[in-house]
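Asks: Have a look at the structure that comes next, please.
The values are calculated or read from the model by the stated rules, or taken from the named source; none is laboratory data. Note that the structure is a prediction, hence the values are computed from the model and not measured. Glycine gets a Cβ as well: all are built from the backbone with ideal geometry, and neighbour counts include every protein chain shown.
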Amino acid sequence: MKNKTILVTGGLGFIGSHITEELLDNNNVIVIDNLSTGKLSNLINPNHENLELIQKDLQSVDLNSILNDVDYVFHLAAMASVPLSVEKPVTCNLENVAATVNLLNACVKNDVEKVVFSSSSAVYGENKNMPLKETELPMPTSPYAASKACCELYLKSFYESYGLNYVALRYFNVFGPKQDKNSQYAAVIPNFISAILENDQPVIYGDGEQTRDFVFVRDVAKANINACKADYNGIVNIACGKRITINELFSIIKKTLNTDIDVRYLPERLGDIKHSQADISNMEHINLKIDPNDFEKNLSETVNWFKDNL
Ligand SMILES: NC(=O)c1ccc[n+]([C@@H]2O[C@H](COP(=O)([O-])OP(=O)(O)OC[C@H]3O[C@@H](n4cnc5c(N)ncnc54)[C@H](O)[C@@H]3O)[C@@H](O)[C@H]2O)c1
């Protein structure tokens, strides 16, 4: 992608900062971020000449003046915590749903070509039809998951009503450099790594035989850019399409860090799903292939990042 003007909401966060960095050298990028969970230090050069940084809440900016010359929007800003959404469902609705409808409305008014939305595998809830296909009915079990499902419906309705192009990407368990070890998502990888590096015993909830489908953050950034370029409107799962058990994950991390530390097992957490695996056939609509064999390489890059940044 070259010579475009692009808005990234949440561009200082874990995933958004990887997308922003991918785009910066060849495009003008506007980032809106209220720094609630994002950090300026997530960008190598926050003073990049192609970057306009708006450190404000998405709900308090004048979107019409910002979107005037914008070609594409990557929309990541959201309340991204499931527990917080359970605690504050009304705020979750305002920040995730109302703010998105407002943004889509401004996109239509300003002739934005396409919106790429960060959705989540959380919309599948406790659906057990593995591998999970985008055509399954959403079964949200939290206000967060409901807000993502709701935004997907709004995207579809704006496409039908006003012709606003969109792709909603349902990320599975994202991991990689810059992930906050206190994040509510896939926290298992940063938690294992940081516990071992700090000489603590990592914890597994349950018997460790639960499975997850992990996806590397740079593949997620690529998914966003490919989705923007593709001639496709709809929902796409973003994952490796393979599941590994938490016990297997722990042994890989243990091997990578060359440690003898053993894991401590605690009772299963209420609400944790047992298995998660994506059907990734829709990824071909956005020309995306993820090689599951890169998992160990990506994990060691992540480990090295934590070694340098803890
Ligand atoms: N990390 C994952 O595994 C995962 C999985 C599924 C979906 N997602 C979705 O991907 C998106 C990015 O997630 P992330 O892991 O990078 O989280 P993150 O918390 O690191 O990033 C979110 C960014 O948005 C900003 N933000 C939040 N609310 C805002 C608001 N009202 N106005 C302006 N800025 C605001 C935050 O400061 C932060 O920089 C989110 O929409 C999240 O729901 C993430």
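Asks: Looking only at segment 53-74, decide whether some residue is surrounded by 17 or more Cβ atoms within 10 Å (Cβ to Cβ), under 22 Å from residue 223 (Cβ atoms) and out of contact with any strand residue (DSSP E or B) (no Cβ under 8 Å at 6 or more places or on another chain).
Replies: For segment 53-74, residues surrounded by 17 or more Cβ atoms within 10 Å (Cβ to Cβ), under 22 Å from residue 223 (Cβ atoms) and out of contact with any strand residue (DSSP E or B) (no Cβ under 8 Å at 6 or more places or on another chain): absent.
Asks: Checking the structure you have, find out if any residue of segment 269-290 is within 15 Å of residue 175 (Cβ to Cβ), surrounded by 13 or more Cβ atoms within 10 Å (Cβ to Cβ) and out of contact with any Leu (no Cβ under 8 Å at 6 or more places or on another chain).
Replies: Yes, segment 269-290 contains a residue that is within 15 Å of residue 175 (Cβ to Cβ), surrounded by 13 or more Cβ atoms within 10 Å (Cβ to Cβ) and out of contact with any Leu (no Cβ under 8 Å at 6 or more places or on another chain).
Asks: Could you tell me whether any residue of segment 276-293 is among the β-branched types (Val, Ile, Thr), more than 14 Å from residue 217 (Cβ to Cβ) and modelled with pLDDT under 95?
Replies: Checked against the condition, which is being among the β-branched types (Val, Ile, Thr), more than 14 Å from residue 217 (Cβ to Cβ) and modelled with pLDDT under 95, segment 276-293 yields no hits at all.
Asks: For segment 26-35, enumerate the residues that are farther than 16 Å from residue 72 by Cα and either surrounded by 21 or more Cβ atoms within 10 Å (Cβ to Cβ) or away from the ligand (no atom under 14 Å from the Cβ) (or both).
Replies: The answer is 33, and nothing else.
Asks: So, one more: So residue 96 fits all but one of (1) under 28 Å from residue 230 (Cα atoms); (2) near the ligand (Cβ under 10 Å from one of its atoms); (3) more than 17 Å from the chain's Cα centre (by Cα); what number is the exception?
Replies: The failed condition is (3).
Asks: What strands (runs of 3 or more DSSP E), lying completely within segment 102-201, carry at least 1 residues that are among the charged types (D, E, K, R), within 14 Å of the ligand (Cβ to nearest atom) and over 15 Å from the mean Cα position of the chain (by Cα)?
Replies: Ranges flagged: none.
Asks: Let me ask another. Might you check whether a residue that is touching a Gly at 6+ places or on another chain (Cβ under 8 Å) and farther than 30 Å from residue 114 by Cα occurs anywhere in segment 277-295?
Replies: Within segment 277-295, not a single residue is touching a Gly at 6+ places or on another chain (Cβ under 8 Å) and farther than 30 Å from residue 114 by Cα.
Asks: Pull up segment 245-261, narrow it to residues that are over 19 Å from residue 206 (Cβ atoms) and charged (D, E, K, R), then point me to the one that is nearest to the chain's Cα centre (by Cα).
Replies: Of everything passing the filter in segment 245-261, 255 is nearest to the chain's Cα centre (by Cα).
Asks: Let me spell it out: the conditions are (1) farther than 28 Å from residue 89 by Cα; (2) away from the ligand (no atom under 12 Å from the Cβ), and residue 216 meets all of them except one. Which number is the exception?
Replies: Condition not satisfied by residue 216: (2).
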